[in-house]
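Colleague: First the structure, which I've put down as structure tokens, then a few questions once you've had a look.
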Amino acid sequence: MDADDRGLGIDDVIALHSEATYFAYATGFAPGFCYLGTLPEALQTPRLDTPRATVPAGAVAIADAQTAVYPCESPGGWRLIGACPEPLFNLSNAPPSLLTVGATVRFEPVSETDFRALGGVMP
């Protein structure tokens, strides 16, 4: 998504993405990857034509009408809009996935300082 082409600034994207409540429709692609929907219409955008070879763990991404957090470093074709400091998959936890089908999710904007204090690593 090119926010500039839509007349959206970074603050607009953050506000639109964080004001919505998302439903966890499915898991897959990678352990802990949860398909969340439905993205506000103003943020809906197609996948990249050519996927990235590497997307960092914790990347918050959007594609079509869905959003997700990449739980581990992997290839990916979704458009990146942020980062999540919370690990989404850990085999030491029971259950190992933070998100499960049927959960509701809200994203909370945080400053870079708070992101780092929560254990986040800047990509």
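Where a number appears in this text, it was derived from the coordinates with a stated rule and is not lab data. This one's a predicted model, so the numbers in the text were calculated from it and none came from an experiment. Cβ atoms come from the backbone with ideal geometry, glycine included; neighbour counts cover every protein chain shown.
Colleague: State the answer as a single residue: which of Thr50, Val60, Ala15 lies farthest towards the positive end of the charge dipole of region 3-115, with beta carbon charges of +1 for Lys and Arg and -1 for Asp and Glu, about the Cα centre.
Modeller: Of the listed residues, the answer is Thr50.
Colleague: Within region 42-83, list the residues whose amide N lies under 17 Å from a label point set 7 Å along Cα→Cβ of Asp12.
Modeller: 42-46, 81, by backbone N distance to the label point.
Colleague: Tilt of helix 10-19 relative to the longest C-alpha principal axis of the chain, in degrees (0 to 90, nearest 10)?
Modeller: Once rounded, one gets 50 degrees.
Colleague: Still on this structure, I have one more. Provide the per-residue ³J(HN,Hα) series for region 98-106, in order, calculated from phi with Karplus coefficients 6.51, -1.76, 1.60 and θ = phi - 60°, each as a whole number of Hz, with x at glycine and proline positions.
Modeller: 5, 9, 10, 4, x, 5, 10, 9, 10
Colleague: Show me, for region 34-51, the HN-Hα J-couplings you get by feeding each phi into the Karplus relation (A = 6.51, B = -1.76, C = 1.60, θ = phi - 60°), rounded to Hz, glycine and proline as x.
Modeller: Per-residue couplings from phi come out as 10, 7, 10, x, 10, 5, x, 3, 5, 9, 5, 7, x, 4, 5, 5, 10, x Hz.
Colleague: Can you quote the Å³ per residue value for the convex hull of the Cα atoms in the chain, rounded to an integer? Display every interim value, and only then the final one.
Modeller: Working: hull volume 12.6 nm³, N = 123.
Once divided by residue count, the hull of the chain is 103 Å³.
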